[in-house]
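S.K.: Sharing a structure below in structure tokens format, with a few things to ask.
The values are calculated or read from the model by the stated rules, or taken from the named source; none is laboratory data. Because the structure is a prediction, the values reported are computed rather than measured. Because the Cβ atoms are built from the backbone with ideal geometry, glycine has one as well, and the counts that use them run over all protein chains shown.
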Amino acid sequence: MASFSVLAKTALRDSRRNRSRLFLFMSSIILGIAALVAINSFNDNLTEDINRQAASLLGADLVMSADSKPEDAYLMKLDSLATEKSSEISMFSMAYLPNVDETQFVNIKALSGDFPYYGQIKTDPLEAVESFQEKNGLLADEGMMLQYELEIGDSIKLGTQFYPIQGKLQSGFGGQNMTSSFAPTVYMPGDKIYDTGLIQPGSMMDYNYYYQIKDGIDVDAWKSENRKGFRQDGMRLTTIEDRKEDLREAFDNLNYFLNLVALVSLLLGCIGVASSVFIYIKSKINAIAVFRCLGMSGRDAFMVYFIQIVVLALIGVVLGAALGSFIQYLIPMVLSDFLSIEVSSSISWKAISEGMIVGFVITILFALLPLIAVRKISPLRTLRASYEEDVAERDGLRWIVYIAIALSLFGFLFLLIGDAVTAGIFMAAIGISFLLLYLVSKAIVWMIKKWFPKNWNYVFRQGLSNLFRPNNQTQILLVSLGLGTAILTSLFIIQGMLLKNIALMDAGNQPNMILYGIEANQSSALAEITKSYDMPLIQEVPIVTMKLEAWKGKPKKEWFADTTSTSRRMWPARREARVSFRDTLNDTETLVSGNFYRPVTSPNDSIFISVEDDWAEALDVTLGDEVVFNVQGTRMKTYIGSLRNISFNNMSTRFFVLFPTGVLEEAPQFRVLVTKSPGIETTAKYRREVVKAFPNVSVIDLGMILNTVNTIIDKLSYIIKFMAGFSILTGLIVLISSLFLSKYQRIKESVLLRTIGASRRQLFLITSTEYLILGALSAATGIIIALTGSYLLTKFQLELDFIIQWWKILLVFVLVSVLTMLIGVFNSREVVTKSPLEVLRREQ
Amino acid sequence: MLEVLSDIDFEIKKGSSLAIVGPSGSGKTTLLGLCAGLDKASDGTVYLVEENINVLNEDERAAIRNKHVGFIFQNFQLVPTLTALENVMIPMELLGKSQARQTAMNLLTRVGLGDRSHHYPSQLSGGEQQRVSLARAFSNEPKILFADEPTGNLDDGTGQSIEKLLFELNHEKGTTLVIVTHDLELAAKTDRIIQLKGGKMVSDKSTRN
């Protein structure tokens, strides 16, 4: 074997005049690695920031939350742990702004105590946060103040009382970014909320208690001992550790998506690597044969090119990591509206080194596929150019490389996903896609041969027959272009589908306004006001709050104590039930089993209720089972009379539990009214009148919520597009390198045709036909795979309606076909513009 | 299996020259490939510098080519990405010889291309390329040199100057020379001519009587 220095020197010299071909190879790696490093750096920073900011996001060592006032015994237990304590009642309600004669739906937080103990509530002026409780004033959301041109000192009416604004609320606590645009936060002194008259039986409120825990108490250990008792009575304990976990979970989906993008970019990059190295080696066959003839061993010849590839891969990996580290500064900017925490953009050496190692290994493995053929290039090629093509040697090493690629891809997927089964499924999906594309390309070539259009014009026949003549690149192009198209189309389809599904909620005759917190005696007056605006009473529903006490003859406490039961799933028992009563199903509901309505005519009649099927499943109850509720102090025994399925894809009131008429009419209750406003002006006027007349009634304009959701989705699609840009760019590079590949094959034939007298136009048509057909076939194959994949995904995973924007698919089809044709023709332009001799001499 | 060559048996004396002639498809190039260790015979034995190359694998044959064999091709076969000088240096560098650069430079000067050493093959004319190829062929001081139609791609004038150079170097270095050619004039300049027809040796004559 020749010394390393000789091989390295030869490698360096040999690479000199073909570096433009190697640039393709490098650009594939650079983009793949950049995506990987950028995304992993972002994830790393996110995890670190979550750890760092969790305390200041929770504001206390321990938070207890409940949707009804907790029993004193629990509160005393918590008090004994704490050095400091604050409490907060949080509810949604309407606020009236007398200065501008406007109403606004707000999130009232009635706070007592010195919360937060970590982090801060930012206000302008700064001291307002300290003084608003004493001065009996409010902290109002800065955005809302800006919108209505409110000043400090102006009044806001909450319920029946007016309060002055003491300060602008600049940032609150937790992930309130999403809701703040339709329900801005208003802080008020805790004890004053009872004066407003907003707290009525059935009002929806959250009670939060914030504790600073004494030194030496392990709050997480305490929580895990006591959690069960609190949970049984509908109370939730949250520690800083929980908050970290919640945040991590909240970002899991985002991470999953981003990782998917990184993987797709890397995979496309790898296809680019394999095909560009293939082109490179193809162009070097003659030189390799000469080296071999002059006595270089197969191993040395391989090493000469391996050294080139390793050096370029290293440069590519370093450039990719640098580009990725730069791009990660952009991600937090793109995502800023989504993140409830501040994400820093520091260099993550872990992400960089991981990205570089993974990228380098996968790049080298993919490059090895075409590279190992160098060992088998015969020196006889110096005497006979076609020698190699006639000899198909079986190479065991190729299989080893295939296995190494599969193993390293699996390892990489496992690193990303953290679950062997999912990683395996992903691998299988990728494998099946490749196989499908390969089979489709085989079938296509077979069909073209079988039904060859013999009567076509010569140039079209020539273009078409290029697809199956010796040295054709049909299969490799169909696989790489098809895969690229499949991935990109899937992204488009799923993105479009998410947006369309949400947009549908807004369409047609859907209600767009909900009024809630209506007391029974306000109901008819409110109906009158609504009718006077020519607005329909789409739904007018009574709501009674109650708690589940026992089912199947066993009290709730016993169910929870019974560790053998699947207590984790018993969510209906942990929350206050908001129940309605009626005698018919509405159009969002379908009866699954049983008899929906059995009237109750006398107090002795059994009460048959109707429950939602998931609700029943969570409690493991079915038709005929006994369920006992506590309706504001009164025990009420009922039986399950029917199971319903509720559709959640349009907006209206939904009830897990429905009573028959004749039972709850006299119970303390409030009402909900659903209507549709014809326009923004009517909405504002109507809302003003309702809130003035009934300060306790909340008006939620669904248009407002839809706007918020649309904004979120818009931003989300912006992120998807930003990240998909990566894949698209890598896909294009793969396209270009694939076409370089075929150019190498085609150029000599074109030169020959030109030499024997083909006109420019004829050559142009032959080339265009070949690439247009190739592009169209690849695009069609990719699109079919994407449609099948996303159909399965939407039906079984996302459970959405399968809505396809066909024009987008058509656009992808046309774009890929035309782009393939343009790049193909552009690559062959030399043949048309330069003299055949010049081209032949250069290609030698 | 197609039989390309059969009933061929000859040996070449050290330092002598031999031409293999015959019509197209008679098996000339195949025979050259076998003799030079570029290919393996399916039957029979080939000794190259006293080594039975039929029992060697490709890498072992490569080592023999590197040490003892030189090549000249009809289409020159220079590595397009290497300069003239680097092309000449390859065999010596593979052998790990010191002063490869100086020796290569001397050889290039000897073939009249001392001032073109840093040019790439595409910047040289056909004759110049073949001269570089000659310099390369002699750079490892081969015991035997194989030439496949060395003047086939050149005009008469250039062809003759290459022939002259080839034989001069052959005599200077005492290298055995095997030439495959259509050109009977060129063949006549060698010590001996073997004629092939349909893969068989039909004559083996000395030109020195």
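S.K.: Of these, A:I476, A:I448, which one is β-branched (V, I, T) and either at pLDDT 80 or above or within 29 Å of the chain's Cα centre (by Cα) (or both)?
M.R.: Of the residues listed, the single one that is β-branched (V, I, T) and either at pLDDT 80 or above or within 29 Å of the chain's Cα centre (by Cα) (or both) is A:I448.
S.K.: For the stretch A:619-678, which fully contained strands (runs of 3 or more DSSP E) count at least 3 residues that are more than 20 Å from A:V697 (Cα to Cα)?
M.R.: A:626-631, A:634-646, A:657-659
S.K.: Among the candidates A:R248, A:R227, A:R243, A:R231, which residue alone is basic (K, R), in a helix (DSSP H, G or I) and in contact with a Lys or Arg (Cβ under 8 Å, 6 or more places away or on another chain)?
M.R.: A:R231 is the lone residue from the list that is basic (K, R), in a helix (DSSP H, G or I) and in contact with a Lys or Arg (Cβ under 8 Å, 6 or more places away or on another chain).
S.K.: Here is a follow-up. Step by step: first the residues of the stretch A:12-25, then only those that are modelled with pLDDT of 80 or more and surrounded by fewer than 20 Cβ atoms within 10 Å (Cβ to Cβ), then the one that is farthest from the other protein chains (Cβ to nearest Cβ). Which residue is that?
M.R.: A:L12
S.K.: Can you tell me which of A:S65, A:S56, A:S87 is in contact with a Pro (Cβ under 9 Å, 6 or more places away or on another chain) and either in the same structural domain as A:N208 (by TED's automatic domain parsing) or among the hydroxyl-bearing types (S, T, Y) (or both)?
M.R.: Answer to the selection: A:S56.
S.K.: Tell me the residue from A:G316, A:G324 that is touching a residue at least 12 places away in the same chain (Cβ under 8 Å), more than 14 Å from chain B (Cβ to nearest Cβ), within 21 Å of A:N43 (Cα to Cα) and in contact with a helix residue (DSSP H, G or I) (Cβ under 6 Å, 6 or more places away or on another chain), please.
M.R.: The match here is A:G324.
S.K.: Right, next: For the stretch A:419-466, what are the residues that are closer than 23 Å to A:L765 by Cα, surrounded by 15 or more Cβ atoms within 10 Å (Cβ to Cβ) and without any contact (Cβ under 8 Å) to a residue 40 or more places away in the chain?
M.R.: Listed by number, the residues that qualify are A:V445, A:I448, A:R461, A:S465.
S.K.: Next question, about the same structure. Please determine whether any residue of the stretch A:551-568 is within 33 Å of the chain's Cα centre (by Cα), in the same structural domain as A:R644 (by TED's automatic domain parsing) and not in a loop (DSSP other than H, G, I, E, B).
M.R.: yes
S.K.: Next question. For the stretch A:211-230, name all the residues that are in contact with a Leu (Cβ under 8 Å, 6 or more places away or on another chain) and touching a residue at least 24 places away in the same chain (Cβ under 8 Å).
M.R.: A:Y211, A:I213, A:K214, A:I217, A:V219, A:W222, A:K223, A:N226, A:F230
S.K.: Restricting the search to the stretch A:652-675, which residues are touching a Leu at 6+ places or on another chain (Cβ under 9 Å) and closer than 22 Å to A:Y533 by Cα?
M.R.: The answer is A:R671, A:V672, A:L673, A:V674, A:T675.
Let's see how each residue does on (1) of a type in the set (S, T, N, Q); (2) away from chain B (no Cβ under 14 Å):
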{"position": "A:T10", "(1), (2)": "yes, no"}
{"position": "A:S27", "(1), (2)": "yes, yes"}
{"position": "A:I33", "(1), (2)": "no, yes"}
{"position": "A:D44", "(1), (2)": "no, yes"}
{"position": "A:R52", "(1), (2)": "no, yes"}
{"position": "A:S68", "(1), (2)": "yes, yes"}
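S.K.: Checking the conditions here, which among A:G202, A:G153, A:G137, A:G197 is more than 28 Å from A:E84 (Cα to Cα) and at pLDDT 90 or above?
M.R.: Residue meeting the stated conditions: A:G153.
S.K.: Could you grab me the full set of residues in the stretch A:276-298 that are facing chain B (nearest Cβ under 7 Å), in contact (Cβ under 8 Å) with a residue 24 or more places away in the chain and farther than 13 Å from B:T81 by Cα?
M.R.: Those that are facing chain B (nearest Cβ under 7 Å), in contact (Cβ under 8 Å) with a residue 24 or more places away in the chain and farther than 13 Å from B:T81 by Cα: A:R292, A:C293, A:M296, A:S297, A:G298.
S.K.: Moving to a separate point now. For the stretch A:18-37, does any single residue satisfy the condition of being of a type in the set (K, R) and farther than 25 Å from A:A321 by Cα?
M.R.: Checked against the condition, which is being of a type in the set (K, R) and farther than 25 Å from A:A321 by Cα, the stretch A:18-37 yields no hits at all.
S.K.: Looking at A:L526, is it under 38 Å from the mean Cα position of the chain (by Cα) and either of a type outside the set (A, V, I, L, M, F, W, C) or not assigned by TED's automatic domain parsing to the domain that holds A:G159 (or both)?
M.R.: no
S.K.: Going by what's in this entry, would A:R292 be described as in contact with a Ser or Thr (Cβ under 8 Å, 6 or more places away or on another chain), under 30 Å from B:A63 (Cβ atoms) and either basic (K, R) or at pLDDT below 80 (or both)?
M.R.: Yes.
S.K.: Okay, next question. Being within 8 Å of chain A (Cβ to nearest Cβ), in contact with a helix residue (DSSP H, G or I) (Cβ under 8 Å, 6 or more places away or on another chain) and under 24 Å from B:E149 (Cα atoms), is that true of even one residue in the stretch B:6-26?
M.R.: For the stretch B:6-26, residues within 8 Å of chain A (Cβ to nearest Cβ), in contact with a helix residue (DSSP H, G or I) (Cβ under 8 Å, 6 or more places away or on another chain) and under 24 Å from B:E149 (Cα atoms): absent.
S.K.: Separate question: Pick from A:I279, A:I288, A:I315: which is more than 29 Å from A:L413 (Cβ to Cβ), among the β-branched types (V, I, T) and in a helix (DSSP H, G or I)?
M.R.: A:I288
S.K.: Suppose the filter is under 30 Å from A:I357 (Cβ atoms), hydrophobic (A, V, I, L, M, F, W, C) and under 40 Å from the mean Cα position of the chain (by Cα); does A:L247 pass it?
M.R.: yes
S.K.: Go through (1) at the interface with chain A (Cβ under 10 Å from one of its Cβ atoms); (2) more than 27 Å from B:L31 (Cβ to Cβ); (3) surrounded by 24 or more Cβ atoms within 10 Å (Cβ to Cβ) one by one and return the number of the condition B:F146 breaks.
M.R.: (2)
S.K.: For the stretch A:403-420, give me each residue that is out of contact with any helix residue (DSSP H, G or I) (no Cβ under 8 Å at 6 or more places or on another chain) and either in a helix (DSSP H, G or I) or among the charged types (D, E, K, R) (or both).
M.R.: A:I403, A:L407, A:G411, A:D419
S.K.: Return yes when B:T109 is of a type outside the set (D, E, K, R), modelled with pLDDT of 90 or more, within 28 Å of B:A19 (Cα to Cα) and surrounded by fewer than 24 Cβ atoms within 10 Å (Cβ to Cβ) and no when it is not.
M.R.: yes
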